[in-house]
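First the structure, in the form of structure tokens, and then the observations on it.
The values are calculated or read from the model by the stated rules, or taken from the named source; none is laboratory data. Computed from a predicted structure; not experimentally measured. FYI the Cβ positions are ideal-geometry reconstructions off the backbone, even for glycines, and counts take in every protein chain you see. Areas reflect the complete protein model, heavy atoms only, side chains present, ligands, DNA and RNA absent. Shrake-Rupley method; radii C 1.70, N 1.55, O 1.52, S 1.80 Å.
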Amino acid sequence: MKNIGLRPFRRVTMAAAIALVMGGFASDAQAQACEDVSGAWSIDLTFPGNPSQTVTVTLEQADCGVEGTIVGNNETAIQGGTVEGSMFKFTTTVPTGDGGTLAIAWEGTVDGDAVAGTLTADMIGVIEFTGKRAD
């Protein structure tokens, strides 16, 4: 029987140690990959056939999660919010005139004190928005 020594095992052990260390760095980088989008934002919306409307979106961020409220004609809660880099996503549910509700998906990107993105809903399609920090 040939003696292969411990050298191959050392390589495997070293490779495993490097993978664990690099995995730890990746987790730290992911945890820091969420820009701060918290605060109050003044958002301008233009719906087809209607005058533009300004709403206040208040975001409260914990790590890469976000919640808060949108205040316009009514106040509605933000649900399922996430932040990845400078991009955020969340949904809101608003009442409709017939007693039902309408889910609206918001997606946007923060660039310093400016924000831009879209909101999407079945009844209204895709609406672009822009805004700025209101704080």
Note to self: Please go through the stretch 97-135 and give me each residue that is in contact with a Leu (Cβ under 7 Å, 6 or more places away or on another chain) and open to solvent by less than 30 Å² (accessible area, probe 1.4 Å), ordered by number.
What the structure shows: Ile104, Trp106, Ala121, Ile127, Phe129
Check: Looking at the stretch 69-76, is at least one residue touching a Gly at 6+ places or on another chain (Cβ under 8 Å) and open to solvent by 20 Å² or more (accessible area, probe 1.4 Å)?
Finding: no
Next item on the list: Would you point out which residue out of Thr92, Thr101, Thr56, Thr76 is farther than 25 Å from Glu35 by Cβ and not aromatic (Phe, Trp, Tyr)?
Entry: Thr101
